[in-house]
Amino acid sequence: MRKFLFNTAMISVVVGGWHILQATRNGPRDWRLVLTWIGWGLSVAVAVGNVVKDADEKSVPGATAARVN
């Protein structure tokens with residue numbers, strides 16, 4: 001759980017979500033708001049994926065050295 005709470009990508013996603021929530025409450029509701037929420041959802045997916053990937057690489061010793069691109 002700590003890996004999600006203190007990751008900078010997750011912190012920025014939460015802050016971005018707060019700003020989008022405020023825009024939803026106070027701003028106009030049109031197609032741009034829907035695209036903003038979709039973009040935020042994609043950002044959450046990327047941030048969670050990066051945290052999980054980093055955690056997997058750190059848990060397996062030598063994973064970064066054995067990785068071949």
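Nothing in this text is a laboratory measurement; each read-out follows from the coordinates by a stated rule. From a predicted model like this one, the values you see are computed outputs, not experimental measurements. No Cβ is skipped: glycine too gets one built from the backbone with ideal geometry, and neighbour counts run over all protein chains shown.
Considering only DSSP states other than H, G, I, E and B, which trypsin sites (Lys or Arg not before Pro) in segment 20-63 qualify as loop sites with at most 13 other Cβ atoms within 10 Å? If you can, show how the numbers build up before the last one.
Numbers: sites: Arg25, Arg29, Arg32, Lys53, Lys58; in loops: Arg29.
For trypsin sites (Lys or Arg not before Pro) across segment 20-63 that sit outside H, G, I, E and B with at most 13 neighbouring Cβ atoms in 10 Å, the list reads Arg29.
Rounded if a/c is under 1.5, else prolate if a/b is larger than b/c, else oblate: which is segment 2-56, with a ≥ b ≥ c the root eigenvalues of its Cα gyration tensor? Show your work: numbers first, answer last.
Values: a/c = 5.44, a/b = 2.20, b/c = 2.48.
Oblate is the answer for segment 2-56, as a/c is 1.5 or above yet b/c matches or exceeds a/b.
To make sure I understand, if each residue's beta carbon is the centre and we count other beta carbons within 10 Å, what order do Ser43, Ser12, Ser59 fall in, fewest to most?
Numbers: Ser43 15, Ser12 12, Ser59 8.
By the 10 Å Cβ count, ascending: Ser59, Ser12, Ser43.
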